[in-house]
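Report on the following structure.
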Amino acid sequence: MNGVCWCGRTWQPGEETCPQCGRRPVPWSTPGYSPPPPGWHGGGWGGPRAVPLPQPVAAPTQLRPRRWLVPALLLLLVVVLVVPMVAGYRSVSVGGDQISRALPRSLTSPAPTITARPLADVASASLGRVVTIETQTPDHQELGTGWLLDGRGDFVTNAHVVEGAISVRIRDRRNATHVGAIMGVDHDQDIAVVRSLDGFDGKALVLSAGSDPPVPSDVVVLASGRATGHDDQTATVETIARLHQDVPVRGNTEIDPSSASTVLYHDMIAMRGKQVFPGNSGGPVLDAYGVVIGIVTLASRSTPQAYAIPVGRVSAELFGFAGRPTP
């Protein structure tokens with residue numbers, strides 16, 4: 001069939017369908033077909049292709065209000081603003097124990113060991129922190145014992161050891177001498193702190209927290225052999241016999257229960273055992289955990305009886321002396 005297809009392509013002889021649009025040649029006289037547009041010529045033209053009708057556009061759906069949205073936004077606001085505010089308040093509202101843990105530890109006692117040890121082992125581990133306190137007065141030299149309180153080279157001794165001193169020296173167990181300065185003295189408590197001006201290489205002894213030791217219990221008393229004149233008796237084992245004892249003393253150094261006594265020492269630890277010598281004054285009393293529970297202060301010249309200041313009663317004052325930047 002000759003002619004032009006509806007798509008504008010010329011029919012070729014023998015073609016049954018248009019290879020361009022897929023229409024079949026249909027005579028113009030076929031019912032149901034309208035005549036070709038003006039300008040077309042030929043015996044037939046392709047019928048119209050089935051074109052899909054436009055689909056109706058769906059009406060827009062009305063959005064339902066999200067009633068959960070406002071509470072969710074409020075919850076998010078609480079998380080973002082209120083929670084950090086509460087956390088910040090808690091961070092600045094700390095208790096006294098938290099503050100004390102955050103303070104520098106240079107003037108506090110190290111932690112004790114958790115297991116008891118033989119007293120000989122305690123003495124051996126602690127004697128390196130025990131020194132001789134040598135003081136010069138206008139008319140004589142005084143020797144006593146001291147022990148390391150902190151890492152700055154501060155040593156504890158008795159007030160009567162440094163009383164009237166015009167100069168102080170610290171002699172360690174290696175026989176090295178350090179120039180000392182008196183940082184503080186309390187004559188009523190009979191305690192003093194002397195600082196090594198060139199420092200001291202050693203770990204401080206551990207102080208008791210203040211609780212009473214068991215009675216009876218064995219302890220070890222450390223001393224400077226140079227001060228006592230007995231180098232072979234730098235550690236003596238004693239037994240705590242009584243606590244909170246009032247002791248009358250004459251001349252501030254000699255136990256005297258008579259009416260001639262001039263001083264009364266209060267709240268003392270009474271010990272019995274081996275002989276404690278005058279040069280022990282200021283020495284530490286340690287328990288089996290390596291903790292300093294007392295400071296040797298008084299000793300009987302005729303009986304194996306000695307007295308010590310409970311260190312828990314004076315530890316705050318000792319650290320106060322050691323905290324001073326200058327003498």
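The values are calculated or read from the model by the stated rules, or taken from the named source; none is laboratory data. Just so it is clear, the model here is predicted, and its values are computed rather than measured. Backbone-built Cβ (ideal geometry, glycine too); neighbour counts: all protein chains shown.
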Margin query: What's the total number of residues in region 297-327 that are at pLDDT 95 or above and of a type in the set (Val, Ile, Thr)?
Written below: 3
Check: Any idea which of (1) at pLDDT below 90; (2) closer than 24 Å to Trp147 by Cβ is the one Gly251 doesn't satisfy?
Finding: (2)
Notebook entry, point to check: Can you tell me which residue in region 133-147 is surrounded by the fewest Cβ atoms within 10 Å (Cβ to Cβ), limited to those that are without any contact (Cβ under 8 Å) to a residue 60 or more places away in the chain and under 16 Å from Val179 (Cβ atoms)?
Noted result: Gln141
Next item on the list: Kindly provide the set of residues from region 269-284 that are touching a strand residue (DSSP E or B) at 6+ places or on another chain (Cβ under 7 Å) and without any contact (Cβ under 8 Å) to a residue 60 or more places away in the chain, ordered by number.
Entry: Ile269, Ala270, Met271, Arg272, Gly273, Lys274, Val276, Phe277, Pro278
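Residues are listed down the side, and each one gets a yes or a no for (1) buried (at least 24 other Cβ atoms within 10 Å of the Cβ); (2) part of a loop (DSSP other than H, G, I, E, B):
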{"position": "Gly279", "(1), (2)": "yes, no"}
{"position": "Val285", "(1), (2)": "yes, no"}
{"position": "Tyr289", "(1), (2)": "no, yes"}
{"position": "Val292", "(1), (2)": "yes, no"}
{"position": "Thr297", "(1), (2)": "yes, no"}
{"position": "Ala308", "(1), (2)": "yes, no"}
{"position": "Val314", "(1), (2)": "no, no"}
{"position": "Pro325", "(1), (2)": "no, yes"}
Notebook entry, point to check: Are any residues in region 164-189 outside any strand (DSSP E or B), of a type in the set (D, E, K, R) and either at pLDDT 95 or above or surrounded by fewer than 19 Cβ atoms within 10 Å (Cβ to Cβ) (or both), and if so, which ones?
Noted result: Arg173, Arg174, Asp188
Next item on the list: Return a yes/no flag: does region 175-196 have any residue that is among the hydrophobic types (A, V, I, L, M, F, W, C), over 17 Å from Glu142 (Cα atoms) and within 33 Å of the chain's Cα centre (by Cα).
Entry: yes
Notebook entry, point to check: From the list Val130, Val179, which one is without any contact (Cβ under 8 Å) to a residue 40 or more places away in the chain and in contact with a Leu (Cβ under 9 Å, 6 or more places away or on another chain)?
Noted result: Val179
Notebook entry, point to check: If you go through region 222-234 one residue at a time, do you hit one that is touching a Lys or Arg at 6+ places or on another chain (Cβ under 7 Å) and modelled with pLDDT of 95 or more?
Noted result: no
